[in-house]
Structures are given as C-alpha cells and as structure tokens.
Amino acid sequence: MTVAHITGAARGIGKSIALRLARDGHDVAVSDLAVMAAELEATRKEIEAIGVRAVALHGDVSDPESVRRLVAETAGQLGSLDVMVANAGIAQTKALLEVGPDEYDKVHAVNGRGVFLCYTEAARQMIAQGTGGKILGAGSIASHKGFALLGVYCSSKFAVRALTQAAAQEWAPHGITVNAYCPGIVATTMWEEIDHDLGEINGVETGESMKEMAAGISLGRVSTGEDVAKLVSFLAGPDSDYMTGQSVLVDGGMIFA
C-alpha cells in the first residue's frame, strides 16, 4: 500500500485530490492550518469511509520545521511517504503598484517556499526509503501566463514550474518523478475570492469577473476539484512513470502551450 500526503486538503482542490487518491487505493495523510481543523477532520473521516487509512495533521507549509514534522509524522504513522502533493496555496488580487514588500513575501512564502519545502523534505524521505516516489506541485494557468491584477500570484506559480523542472532533473537518479498540475478557473472558495476582489477593483457585480474569464474556456464551463484530481491521480500513479518535469494544464482549453 502506498502512502500519499496532500497539503491544503481541508477543502477545495486539495480535498478532491485526497478523496480521489484514497479511491485509487492510497493510504492518505491530509494536512492544513490548525484553524481548518474541523474541516480537515471531516475530510479525514470521508477518506476512512472509503476503506483506507487516513491521518489529519496540522501544519504551515511556509515553515521549514512544520514541513519536516508533517513528512516525519506521515511516514511514522502510515509507514512511508510515496506520493507528496504540495497543494496548499493562497491568492492575491491587486495592482502591482499597490503591492507592498510584505504582501509579496506572504504570497511567495506559501506558493513558492511552501512548494520548495514540501518538495525537498519529501525527496529526503523518499531517498532514505530507497523506493522512489512521486512529487507533485500545485501550478496554475498562471504558471504559463501572467495576468493583470494577479502579478504576484503569477510570479509565485511560475516559480513552481521552475522548481518542478529542476527537481525532476536532480532526483531522477533516485527514481523520483516531479510534476505539477496547472488548473484554470475552478469552482472553489479561492476563485470566489478572486472574483470578488476583481469585481471591487473593476467596479462590477460579484460573479461578472468569473463569467468574463470563463467565456474564454473552450469546453464551456469552469472546472471542478474532481477535474483536477483526475490529472493528479494519473501523475501519482504508475501510468505516469516515464513522465517528469512537466507542468500540465488542466484548464478546459484556456492556455495552449
């Protein structure tokens, strides 16, 4: 039985990924901030109901000691760490000229440093185990294209793409593949917040910004967490064994790269 850890799994895309990997047969550790404890515990119970082992852990991906503990507790309680999904992330919607250094650092601490810490701590554990593994990071359409009013967020997601390429090359000799999944517009709380903030900036009603962006989706709808989880299932499983260093779009046809 393989063991997967998904960060930011209390709700949204992370929860969908956790449930899908459980249905694929992985034992699952889910983690999120302590303030998300109730939602995270609900996720853990749903995973256990599928019939696999599950643990819920609290941690902050921007903190090195916290990430070390999350990896150690996953391996200690479930026996190993075979799949790491660095999913936790935050958004920021703001004109670049209005972004302060602290605001910039806050986004990159989670979306950039957080992925770096999850990647490296997971790799150390997998190398010590000697059995290879799968490391996955949360990219975005913003890993492939910069968007106005989302500049800092985009820069953090471009960082994920670069880290993924470098890590894939460095850890291939250890049998570890590293890939990123890159969603577009997803029906989650984060995208509701982006829509709200864009509406305030542009002076339009809530829902209008999302509607305008969704008009550019070839398949004609925004995605669900389950749409993203299907790609993660592939990247976490044996069918992707010969694939590494890729940042794969799953956006319904918005960005073509």
Out of the residues in the stretch 190-209 meeting the condition of being farther than 25 Å from Ala88 by Cα and in a helix (DSSP H, G or I), tell me which one is farthest from the chain's Cα centre (by Cα).
Asn202
Filtering the stretch 76-115 down to residues that are part of a loop (DSSP other than H, G, I, E, B) and under 27 Å from Gly203 (Cβ atoms) yields Ile90, Ala91, Gln92, Thr93, Lys94, Ala95, Val99, Gly100
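Which count do you get for residues in the stretch 55-75 that are part of a helix (DSSP H, G or I) and either closer than 19 Å to Glu193 by Cβ or of a type outside the set (A, V, I, L, M, F, W, C) (or both)?
Residues in the stretch 55-75 being part of a helix (DSSP H, G or I) and either closer than 19 Å to Glu193 by Cβ or of a type outside the set (A, V, I, L, M, F, W, C) (or both): 7 in total.
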Contact list please: Cβ distance under 9 Å, first residue in the stretch 166-178 and over 15 Å from Ala128 (Cβ atoms), second residue of a type in the set (Ser, Thr, Tyr) and part of a helix (DSSP H, G or I), pairs at least six apart or on different chains.
Ala167/Tyr119; Ala167/Thr120; Thr177/Ser240; Val178/Tyr119; Val178/Thr164
Residue tally, condition farther than 19 Å from Arg11 by Cβ and free of Cβ contacts under 8 Å to residues at least 12 places away in the same chain, over the stretch 179-201:
2
What number of residues in the stretch 228-248 are more than 17 Å from the chain's Cα centre (by Cα) and either under 16 Å from Lys157 (Cβ atoms) or not polar (S, T, N, Q) (or both)?
5
Looking for something closer than 21 Å to Gln129 by Cα and either touching a residue at least 24 places away in the same chain (Cβ under 8 Å) or assigned to a strand (DSSP E or B) (or both) - is there at least one such residue anywhere in the stretch 31-52?
no
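Each reported figure results from applying straightforward, stated rules to the coordinates on display, with no laboratory input. Quick caveat, the model's predicted, so the values are computed rather than measured. For neighbour counting, all protein chains shown are included, and Cβ atoms are generated from backbone atoms with ideal geometry for every residue, glycine included.
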